[in-house]
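Student: What follows is a single structure, and I will ask about it in a moment.
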């Protein structure tokens, strides 16, 4: 996933849009609602899922000298 962050920042999120839902389906509970966002400099570059309220975790990462903030929010069932 890290290798595709710079591509997504440049407007090509195809790989992440395809692979991330599959990863979440395999790792989260069945039918679990979530919201995954990637932001760069307070600009959302990718948003997957439909969760509005829940428990969230942030994970900052630097890739190719660019700082990204990844957030995964899990909604209650």
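Student: Within region 1-15, work out how many residues are in a loop (DSSP other than H, G, I, E, B), out of contact with any strand residue (DSSP E or B) (no Cβ under 8 Å at 6 or more places or on another chain) and surrounded by 12 or more Cβ atoms within 10 Å (Cβ to Cβ).
Tutor: Of the residues in that region, 2 qualify.
Student: Any idea which residue in region 44-64 is modelled with the highest pLDDT, counting only those that are in contact with a helix residue (DSSP H, G or I) (Cβ under 9 Å, 6 or more places away or on another chain) and exposed (fewer than 14 other Cβ atoms within 10 Å of the Cβ)?
Tutor: 61
The values are calculated or read from the model by the stated rules, or taken from the named source; none is laboratory data. Bear in mind that the values here come from a model prediction, so they are computed numbers and not experimental data. For neighbour counting, all protein chains shown are included, and Cβ atoms are generated from backbone atoms with ideal geometry for every residue, glycine included.
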